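Take a look at the structure below.
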Amino acid sequence: FNTLYSLGKWTRRGSRRWEIDGVAWRAAGGRAAGSLVVSPREMAGFELSLEWKTEGETGQGGVFFRYAGSGNPTTAALKVQLSSDAGVTADQFSTGSLFGVAPPSVNAVKPTGEWNALKLRVDGDSVRVQINGQPVLMTTVTNPELPAAGHVALDGIAGGITYRRVLLVPLV
C-alpha cells in the first residue's frame with residue numbers, strides 16, 4: 001500500500017531538508033528558497049490526489065504544474081495554493097485558488113493541523129480543484145509563456161506543510 005504513494009522517484013530541489021516519515025514528506029517551518037519535490041516526468045494532463053496539513057499561522061505550500069523543471073516555479077508555472085487559512089474569505093491567494101489567477105468558489109480548508117484532501121485535474125487548459133471533497137474551482141487557463149506539458153512539483157518554499165498519500169496519474 002505504501003509503495004503506491006511513494007515519492008521515491010520524485011526529485012528534491014532547493015535547500016530544504018525534507019523530513020520523511022513513511023509516505024509523509026514534511027517541510028518544517030521557515031523559508032527555504034527553491035524547495036520543491038518534483039515529479040519524475042512531464043505531463044500535459046494528469047489527475048493528482050494527495051493529503052496535506054499545515055502547521056502554524058504561516059504554514060503553506062501547494063502544487064505547481066506545467067513546470068519546466070528549472071527556474072523559479074513562482075513565475076514559470078501555475079500553482080494551486082494550500083495554506084493555513086481556515087475561515088478566511090476565498091480570494092485568488094487562498095487555499096484552492098489558482099494562485100494569483102483565479103479564486104476558488106469557497107475556502108474549504110480545515111483548521112491548521114488537520115489533514116485535508118486535494119484532488120486536482122488538469123486536462124489541456126481545463127483545471128478542476130476539489131478540497132475535502134468539495135469542488136472549489138473549475139477554470140480554463142491559457143498562458144502561451146508556459147509549456148503545454150511540464151512537471152508537477154510540491155511546494156516547500158514557505159514551509160510548515162506536510163504532504164502524504166500523493167498519487168499522480170497521467171491522462172492518456
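Within straight-line reach of Lys79, meaning a Cα separation under 20 Å, sit the following lysines at least 8 residues removed in sequence or on another chain: Lys53, Lys110, Lys119.
Counting only the backbone N, which residues of region 139-157 are under 18 Å from the spot 7 Å out from the Cα of Val169 toward its beta-carbon? Only 152 fall inside the zone, counting backbone N under 18 Å. Only one of (i) 45; (ii) 63; (iii) 19 was calculated from the structure for percent of Cα pairs over 26 Å apart, and its label is (iii). Rounded to the nearest 20 debye, the dipole magnitude of region 1-84 is 320 debye, with +1 charges on Lys and Arg beta carbons, -1 on Asp and Glu beta carbons, and the Cα centre as origin.
What separates the Cα centres of region 95-172 and region 34-53 is a distance of 9 Å. Summed over qualifying helices (DSSP H, 4 residues or more, each -39500 (n - 2.57)) and divided by its residue number, the chain shows a 222 nm mean residue ellipticity of -500 deg cm²/dmol. Using a probe radius of 1.4 angstrom, the carbon and sulfur fraction of the accessible surface of the chain is 49%.
Pull out a ≥ b ≥ c, the square roots of the eigenvalues of the alpha-carbon gyration tensor of region 93-172, then state rounded if a/c is under 1.5, prolate if not and a/b is larger than b/c, and oblate in the remaining case.
Prolate, because a/c is 1.5 or more and a/b exceeds b/c.
Compute the accessible area per residue over the chain, keeping the other protein chains in place, probe 1.4 Å, unit Å².
On the way: 8280 Å² over 172 residues.
Each residue of the chain exposes 48 Å² on average to a 1.4 Å probe.
Report the calculated FRET efficiency for Asn72 and Glu19 (r = Cβ-Cβ distance, R0 = 25 Å), to the nearest 0.05. So, using R0 = 25 Å, E works out to roughly 0.55. Under the shape rule built on the C-alpha gyration tensor, where the axes satisfy a ≥ b ≥ c, region 51-148 is prolate, since a/c reaches at least 1.5 and a/b is greater than b/c.
The values are calculated or read from the model by the stated rules, or taken from the named source; none is laboratory data. Predicted model only: the values in this text are computed from it and were never measured. Cβ sites come from the backbone with ideal geometry, for glycine too, and all protein chains shown count toward neighbours. These accessible areas exclude ligands, DNA and RNA; they are computed on the full protein's heavy atoms, side chains included. Shrake-Rupley method; radii C 1.70, N 1.55, O 1.52, S 1.80 Å.
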